[in-house]
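Peer 1: One structure coming up, written as C-alpha cells, with questions to follow.
The values are calculated or read from the model by the stated rules, or taken from the named source; none is laboratory data. For clarity, every value in this text was computed on a predicted model and none was experimentally measured. Methodologically, a virtual Cβ is constructed for each residue, glycine included, from the backbone with ideal geometry; neighbour enumeration extends over all protein chains shown. What goes into the accessible areas is simple: the full protein's heavy atoms, side chains included, and nothing from ligands, DNA or RNA. Shrake-Rupley method; radii C 1.70, N 1.55, O 1.52, S 1.80 Å.
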Amino acid sequence: MKNCSFGTHEHKPLIKQHHCHDHDHDHGHSHDHRGQDKKVLKIALVITFITMILEFVAGFMGNSLALISDAIHMFTHSFALIISLVAIIIASKSAPLDKTFGYYRVEVLAAFVNGITIVLSILWILYEAIERFLNPAIIDIKMSLIVAIIGLVVNIITGFILMQGDKENINLKSAFVHMLADALSSVAIILGYIVIYYTHWYFIDIILALLVSAVIGRWAYGILKDSINTLLESSPVDIKKVKKFVLNIDESILDVHDIHIWEITQYMFNLTAHIKIDNSSLDNHQELIKKINHKLEHAFNISHCTIQLEWKV
C-alpha cells in the first residue's frame, strides 16, 4: 500500500492552494480606514517627535538624566509610530513577483534595529546614572518640570488623536498603549521633580532615570524577542495544539505531519502541512480543505494555508 497525495507530485492531480479566507487579507481594514489611520499616525508622529527633541534639549541643558531618559522613551514610541505607519503604507502597495511575501518583513527588520538602538540607549543611561551617583550634579528643576508637564500634555493629546483612527487596527492599539506607558512615566517624573524642588534630593533624578530605563528595557526585550523569532521563522503558535486541533476537525482526517507555521509580520501567519485522509472522503476533499482553512483561521489566526492531502490505495 503506497501513499498517494494531492500535491506537488507530477503523477498525481494538483490540489489548488487555498487561502484561509475569501477576502483580501489587509488586517481587516478598508482603504478608507487606511487613509484615516495614516493621517492619524502622521499627526501623532509629528507631535511626539517634536516633544522628544524638546525633552532631549531641555534634559541636557537642565542637567536632568530623568528627562533625557523620558526623551529616549519618547524616541521608542516615535519609532513605534513609524513602524505602524510603514506597515499601513506597505499594506497598500503591491510588490514585484519575486517578492512573494511582499515587503512585510521590512517592518520586522525595523523593529529589530529599533530594539538594538534602545538597548544601547539603556546602557548609556546606566553609565550616566553611575557617573551622576559618584559626581552629583545640580538640576534646573523649574525648566525640567515645565518640559515634563508639556510631555505629559502631549501624550494625552496624542492618545486622543490615536483614538480617532480605526480602533480594530492592531498597530494603532499598540501605539496607543505605548503612549499610555509614556504618559505614566511623565507623571512619575513630574512627581519626582516636585519632591526634588522641595527637598533638594537630587538623587531622585537618578532613580527616576533607572525606573524609566526599566520600562523601556522591558519594551526592548519584547521587540527583540518577537523580531528575532519572526526572522528565524519560529512558529508563532503551538504546533502540537494545531496538529491536535486539525485531527479533531473531521473524522476522515487520519494523520497530520510535516507541519510548518511561520509569521510574515505581526499577526500574519502562514501554514503548510500534509494531511492523510480516509479513502471515503476523496470525493469531498475540496469541502474538507475549505473546512480546515476556515477552522484554522478562526482558531489560530492562520491567514494563509497550503495543504497537501494524502491517502492510501
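Peer 1: Cβ-Cβ distance below 6 Å, separation of 6 or more or different chains: which pairs start in region 99-124 with a residue that is farther than 14 Å from Ala220 by Cβ and modelled with pLDDT under 80 and end on one that is among the aliphatic types (A, V, I, L, M) and part of a loop (DSSP other than H, G, I, E, B)?
Peer 2: Correct list of pairs: Gly102/Ala95; Tyr103/Ala95.
Peer 1: If a residue must be in a loop (DSSP other than H, G, I, E, B) and under 12 Å from Leu67 (Cβ atoms), how many such residues does region 127-145 contain?
Peer 2: Taking region 127-145 as the starting set, the residues that turn out to be in a loop (DSSP other than H, G, I, E, B) are 135-140.
Right, trim to under 12 Å from Leu67 (Cβ atoms) and you get 139-140.
Summing the residues that are in a loop (DSSP other than H, G, I, E, B) and under 12 Å from Leu67 (Cβ atoms) in region 127-145 gives 2.
Peer 1: State which residue is nearest to His304 (Cα to Cα) when the search covers only region 205-257 and only residues that are in a helix (DSSP H, G or I), open to solvent by 20 Å² or more (accessible area, probe 1.4 Å) and small (Gly, Ala, Ser). Steps first, please.
Peer 2: Initial filter on region 205-257 (in a helix (DSSP H, G or I)): 205-231, 239-247.
In the following step, the residues that additionally are open to solvent by 20 Å² or more (accessible area, probe 1.4 Å) were identified as 206-207, 210-211, 214-215, 217-219, 221-222, 224-226, 228-229, 231, 239-241, 243-245, 247.
Okay, now just the ones that are also small (Gly, Ala, Ser), so 214, 217, 222.
On the way: Ala214: 38, Gly217: 34, Gly222: 25 Å.
For region 205-257, the residue satisfying everything is Gly222.
Peer 1: Within region 95-126, take every residue that is in a helix (DSSP H, G or I) and of a type in the set (Ser, Thr, Tyr) and give me the one that is surrounded by the fewest Cβ atoms within 10 Å (Cβ to Cβ).
Peer 2: Thr117
Peer 1: Can you spot a residue in region 52-68 that is of a type in the set (Phe, Trp, Tyr), out of contact with any strand residue (DSSP E or B) (no Cβ under 8 Å at 6 or more places or on another chain) and modelled with pLDDT under 80?
Peer 2: no
Peer 1: Continuing with the same structure: Output the residues belonging to region 258-282 that are within 12 Å of Ile307 (Cα to Cα) and either in a helix (DSSP H, G or I) or hydroxyl-bearing (Ser, Thr, Tyr) (or both).
Peer 2: Scanning region 258-282 gives a single hit, Thr272.
Peer 1: Follow-up. Within region 86-94, is even one residue of a type outside the set (Gly, Ala, Ser), part of a loop (DSSP other than H, G, I, E, B) and surrounded by fewer than 19 Cβ atoms within 10 Å (Cβ to Cβ)?
Peer 2: Yes, some residue in region 86-94 is of a type outside the set (Gly, Ala, Ser), part of a loop (DSSP other than H, G, I, E, B) and surrounded by fewer than 19 Cβ atoms within 10 Å (Cβ to Cβ).
Peer 1: Got at least one residue in region 283-303 being touching a residue at least 40 places away in the same chain (Cβ under 8 Å), within 30 Å of Val86 (Cα to Cα), open to solvent by less than 20 Å² (accessible area, probe 1.4 Å) and in a strand (DSSP E or B)?
Peer 2: Yes - at least one qualifying residue is present in region 283-303.
Peer 1: Continuing with this model, one more query. Here are the criteria: (1) open to solvent by 10 Å² or more (accessible area, probe 1.4 Å); (2) free of Cβ contacts under 8 Å to residues at least 60 places away in the same chain; (3) of a type outside the set (Phe, Trp, Tyr). Tell me which single one Ala71 does not satisfy.
Peer 2: It fails just one condition, (1).
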